[in-house]
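Below is one structure, written out as structure tokens; the observations come after it.
The values are calculated or read from the model by the stated rules, or taken from the named source; none is laboratory data. Note that the structure is a prediction, hence the values are computed from the model and not measured. Don't worry about glycine lacking a Cβ; one is built from the backbone with ideal geometry, like all the others, and counts go over all protein chains shown. Heads up: the accessible areas ignore ligands, DNA and RNA and are worked out on the full protein's heavy atoms, side chains in. Shrake-Rupley method; radii C 1.70, N 1.55, O 1.52, S 1.80 Å.
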Amino acid sequence: MAKDEKQFVTEITPQGEDFSRWYIDVIKKADLMDYSPVRGCIVFKPDGYEIWEHIQHELDRRFKETGHRNAYFPIFIPESFFQKEKEHVEGFNPELPWVTEAAGEKLEERLAVRPTSETMFGHMYQKWIQSYRDLPVLINQWANVVRWEKRTLPFLRTSEFLWQEGHTAHENEEQAREETMKMLEIYRDFVENYLAIPVITGQKTPSEKFAGAVDTFSIEAMMKDGRAVQAGTSHYLGTNFATAFDIKYLNRDNEQEFVHTTSWGVSTRLIGSLIMVHGDDRGLVLPPKVAPKQVMIIPIGPPKTRDAVVGRSDELFAELKSAGIRVGIDDRADVRPGWKFNEYEMRGVPVRLEIGPRDMENGVCVLVSRISGEKKVVEQSNLVAEVQAMLEQVHQEMFEKAKAFREDHFYSVNTLDEMKESMEEKRGFTLAGWCGSEACEDQVKEETGATSRNIPFEPATQHEHCLVCGEKASHTVLFARAY
Ligand SMILES: [Zn+2]
């Protein structure tokens, strides 16, 4: 049964050779997903799905803490709903799958399989909201959505994916905008402090905003190939959907007024992001807070001490487990420790715990960090605290490493030629001035393959002139090639 210890590493294409290949190798080998028979759809296998469950659990807690409640709305949306908001239908129509018949009969009205639920929430909010006393309405839903994508990539872009969508209604613009920014901040804090991914917060340019929104805000993360992933968005929808769905309320002056709405979401793209931000040539590196297994115990030593070592390992396992640490133990006798070390490194387990006969005698064991490879001999009597400290340290190191990588791949240019050169040769995020015209933005995209990611709230550099036309810049924009 013992396999060559090097086998794992050589089976994963090195990142520097072909990053896309590396990504597919890793997610397949770590058993996170499988392809489904339907093109563009994937199966989330238990280890992949559990990462989502941890993301979901913590975000759900944060949503509830800020006054939101969960509900569930139907997956089928009547075609007529989409026609009510012009920009919305134009934005989503090309990606919609339709149900045209059921139980052998043609439907009177086609039903879209939801790509997002602003219209369905709009329809219901029109019925539920009458007076300012009904406001704000703060509802979130955890659901699957479908967008028929031409080019797909597991977790990052699939035809069906899992997400949450918050939909809120407020008395006025000020309150709705406050909600929009509050949720963006929840996303930023979660992604940085839970997934250890540094992000850049900012506002989308008009051509990149959500179809039907007044303003869209995003958090943008840099993958290890320099590409960007939009990791979360929060939209101020103004009265666009309220007008389309006639969501009026009686205000404090006894007058009818439209509500102001917001929507915000993150999806299973976060799984793809954390893999691409943290992974290395040995495989996955999972952030401790969402890793299905945070610690893996591996008993070592010769056969004659095996029973005693395994017995002690079981006790340590029970102790860590009862402290709420997600711990596993691999005590298989027919698999060599070296093979196991590679296996759990490849699976991204943040901390490995080794224990052998001599450690037993000394009352110690060895903790090994996945991110740094650091080995630390710790007292068994203080194990829970030592493990918790190392998990926290791993998280911090992952965040700092990702941030350092981003800083090393962060550029600033003044002209389109410089941008072209930057995109061709360096790969990364590039700041540049922009006049505000869509034509200039399109030209950047055409000639460099980079899109405007957002207008950062706190850009590292300020630019006075548009990189394309040279006119006065109205904004400093973050450009990158993106997933
Ligand atoms: Zn321009």
ask   = Do you know which residues across the stretch 420-442 are part of a loop (DSSP other than H, G, I, E, B), within 16 Å of the ligand (Cβ to nearest atom) and small (G, A, S)?
value = G436, S437
message = For the stretch 32-44, check the following and say yes or no: at least one residue is of a type in the set (G, A, S) and surrounded by fewer than 15 Cβ atoms within 10 Å (Cβ to Cβ).
response = yes
query = Which condition does P303 not pass, out of (1) over 24 Å from the mean Cα position of the chain (by Cα); (2) at pLDDT 95 or above; (3) farther than 30 Å from T239 by Cβ, if it passes all the others?
reply = (2)
request  = Could you tell me whether S452 is in contact with a Cys (Cβ under 8 Å, 6 or more places away or on another chain) and within 16 Å of the ligand (Cβ to nearest atom)?
outcome  = no
task = Return the only residue of K403, K426, K375 being without any contact (Cβ under 8 Å) to a residue 60 or more places away in the chain and either open to solvent by 40 Å² or more (accessible area, probe 1.4 Å) or within 23 Å of I219 (Cα to Cα) (or both).
result = K375
task = Go through the stretch 133-191 and give me each residue that's assigned to a loop (DSSP other than H, G, I, E, B) and open to solvent by less than 60 Å² (accessible area, probe 1.4 Å).
result = L135, R147, E149, T152, P154, F155, L156, T158, S159, E171, N172
task = Please state which one of E101, E90 is without any contact (Cβ under 8 Å) to a residue 12 or more places away in the chain and not hydrophobic (A, V, I, L, M, F, W, C).
result = E101
message = Looking at the stretch 411-422, I want the residues that are surrounded by fewer than 17 Cβ atoms within 10 Å (Cβ to Cβ) and have a partner that is acidic (D, E) with Cβ atoms under 8 Å, at least 6 apart or on another chain. Which pairs are those?
response = K420/E447
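Conditions (1) near the ligand (Cβ under 8 Å from one of its atoms); (2) surrounded by 14 or more Cβ atoms within 10 Å (Cβ to Cβ); (3) more than 17 Å from S207 (Cα to Cα); (4) aliphatic (A, V, I, L, M), marked per residue:
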site	(1), (2), (3), (4)
V444	no, yes, no, yes
F457	no, no, yes, no
H465	no, yes, yes, no
K472	no, no, yes, no
F479	no, yes, no, no
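Determine whether F210 is over 30 Å from P292 (Cβ atoms), in contact (Cβ under 8 Å) with a residue 40 or more places away in the chain, open to solvent by 20 Å² or more (accessible area, probe 1.4 Å) and not in a helix (DSSP H, G or I). Steps first, please.
On the way: over 30 Å from P292 (Cβ atoms): yes; in contact (Cβ under 8 Å) with a residue 40 or more places away in the chain: yes; open to solvent by 20 Å² or more (accessible area, probe 1.4 Å): yes; not in a helix (DSSP H, G or I): yes.
Here the answer is yes, as F210 does meet what is asked.
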Members of the stretch 233-255 that are touching a Lys or Arg at 6+ places or on another chain (Cβ under 7 Å) and of a type in the set (S, T, Y) = Y236
request  = May I ask you to say which residue of A389, A460, A385, A402 is of a type in the set (G, A, S) and in contact with a helix residue (DSSP H, G or I) (Cβ under 6 Å, 6 or more places away or on another chain)?
outcome  = A402
ask   = Of the conditions (1) out of contact with any Asp or Glu (no Cβ under 8 Å at 6 or more places or on another chain); (2) surrounded by 17 or more Cβ atoms within 10 Å (Cβ to Cβ), R347 fails just one. Which one is it?
value = (1)
